[in-house]
Amino acid sequence: MQVDPCPPVQAQQIRPDSLRRSDLTNAPGYGSRLAISSSGFPVLPRWCVWVQPAESAEPNRWERRWFGAVDRALDEWSAVLPIVRVDDPERAHVRVERRRPPRRRLADGWRASNGRSVLQVLEVQRQGVWRLEPLVTVMVSPELRSESQQATALHELGHAFGLWAHSLVPSDAMAPVQGASPVLKLSPRDQLTLEWMRQQPSRFGLPLPPRP
């Protein structure tokens with residue numbers, strides 16, 4: 001019998017947790033800038049990803065452009081991570097939505113953005129087993145040029161897959177301010193940081209102790 005790689009959620013509850021700067025001085029790439037939770041880096045051995053479907057059976061040209069950009073970004077991450085696409089958001093660890101993120105209020109006023117990733121740390125029951133999991137909502141605005149959509153999706157998916165940091169090198173996908181052209185490919189530094197992070201101890205994805 002084939003094992004379901006992305007079983008649906010049976011029950012869940014939010015675990016109060018927040019990310020903090022890891023300050024690991026010997027980390028390669030931009031690993032020393034990564035944020036970490038009290039349970040380790042929020043990473044999983046395999047990621048289940050849901051992408052918001054079109055509003056109708058036949059996507060319009062703007063939806064097709066958005067889907068193409070997100071698909072290309074996911075293909076880039078799929079070359080370095082085990083990713084499974086799912087049709088049900090209840091099976092997903094990452095949910096990609098086609099909408100402009102709400103504006104954020106900062107000290108100097110309101111700020112708009114092209115994309116955003118929002119993390120929740122959950123205790124989740126799947127197939128009768130409770131595990132600690134990240135649940136990330138990724139918002140990518142449909143109101144962008146195709147390359148900007150792809151670069152935004154690539155960057156925000158990097159956060160979703162555990163790279164909760166920004167690189168200071170403009171040629172990295174995880175740089176908040178990129179060069180003259182949008183970054184559409186993972187750089188060697190992106191890949192090095194990701195590989196190192198995934199080798200660090202983490203309680204995410206492991207079975208939780210039995211409940212009383």
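Nothing in this text is a laboratory measurement; each read-out follows from the coordinates by a stated rule. Keep in mind the model is a prediction, meaning the values are calculated, not measured. Positions of Cβ are backbone-derived with ideal geometry, glycine not excepted, and every protein chain shown enters the neighbour counts.
Structural size metrics of the stretch 136-192, computed from C-alpha coordinates, are Rg and Dmax of 10.7, 32 Å.
For the chain, the mean residue ellipticity at 222 nm estimated from helices alone is -7000 deg cm²/dmol, where every DSSP H run of n ≥ 4 contributes -39500 (n - 2.57) and the total is divided by all residues, rounded to the nearest 500.
Mean-square fluctuations from a GNM of the chain, with a 10 angstrom spring cutoff on Cα atoms, peak among Ser117, Ser171, Ser32 at Ser32. When both bridge partners sit in the stretch 11-130, DSSP labels roughly 65% of those beta bridges antiparallel. Annotation for the stretch 1-106: GluC sites (Glu not before Pro) lying in DSSP loop with at most 16 further Cβ atoms inside 10 Å of their Cβ are Glu55. The stretch 1-60 and the stretch 185-212 have Cα centres spaced 9 Å apart. Inter-label distance, Gln120 to Asn26: 3.8 nm, where each label sits 7 Å from its Cα along the C-beta direction. A Förster radius of 30 Å combined with the Cβ-Cβ distance from Glu143 to Ser39 puts the calculated FRET efficiency at roughly 0.25. Summing charges over all other residues whose Cβ lies under 10 Å from the Cβ of Ser37, with Lys and Arg as +1 and Asp and Glu as -1, gives +2.
Roughly what % of DSSP beta bridges within the chain run antiparallel, to the nearest 5? If we restrict to bridges inside the chain, about 65 percent are antiparallel. Counting Cα-Cα pairs of the stretch 1-117 in 10 Å increments starting at 0 gives whole-percent bin shares of 10, 27, 38, 21, 3, 0. Volume of the convex hull of the stretch 74-212 (Cα atoms only), normalised per residue: 151 Å³. Hey, quick one: spin label on Gln13, modelled 7 Å out along Cα-Cβ, who in the stretch 116-153 has an amide N within reach, i.e. under 11 Å? Backbone N within reach: 123-124. Working from Cα pairs under 8 Å separated by at least six residues, relative contact order for the chain is 27 percent.
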